[in-house]
Amino acid sequence: MDKINPRKARIDVATETAENAGMDEEIYEALFEDAHRLAYRYFREPTDEHIKCVYFRLVKNREWGTGDEGAVTVH
């Protein structure tokens, strides 16, 4: 059995571009409203930064298909 040298391993170049639809204005507005609602529900004194971070997490969750799970988790 041949061992593969990781430094010589090659990854094939993608031949097709991803066809991910961009976010339209309705989705943006809905996610931003959700972010605003969640921030005011879970943080004592939410700031614009709280809302922005929750919004970005909601966008990522939408890509992953996970809803609003973990959007207001503070680490």
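Values computed for the structure shown
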item: Hits in region 38-75 (condition: charged (D, E, K, R) and either under 17 Å from Met23 (Cβ atoms) or surrounded by 13 or more Cβ atoms within 10 Å (Cβ to Cβ) (or both)); result: Lys52, Arg57, Lys60, Arg62, Glu63, Asp68
item: Every residue from region 34-54 that is under 17 Å from the mean Cα position of the chain (by Cα) and farther than 13 Å from Ala71 by Cβ; result: Glu49
item: Region 23-54, residues that are assigned to a helix (DSSP H, G or I) and β-branched (Val, Ile, Thr); result: Ile27, Ile51, Val54
item: Tally of residues being in a helix (DSSP H, G or I) and among the hydrophobic types (A, V, I, L, M, F, W, C) across region 55-75; result: 4
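No lab work stands behind these numbers, since they all come straight from the coordinates. Please read these numbers as outputs of a predicted model, since none were measured by experiment. Don't worry about glycine lacking a Cβ; one is built from the backbone with ideal geometry, like all the others, and counts go over all protein chains shown.
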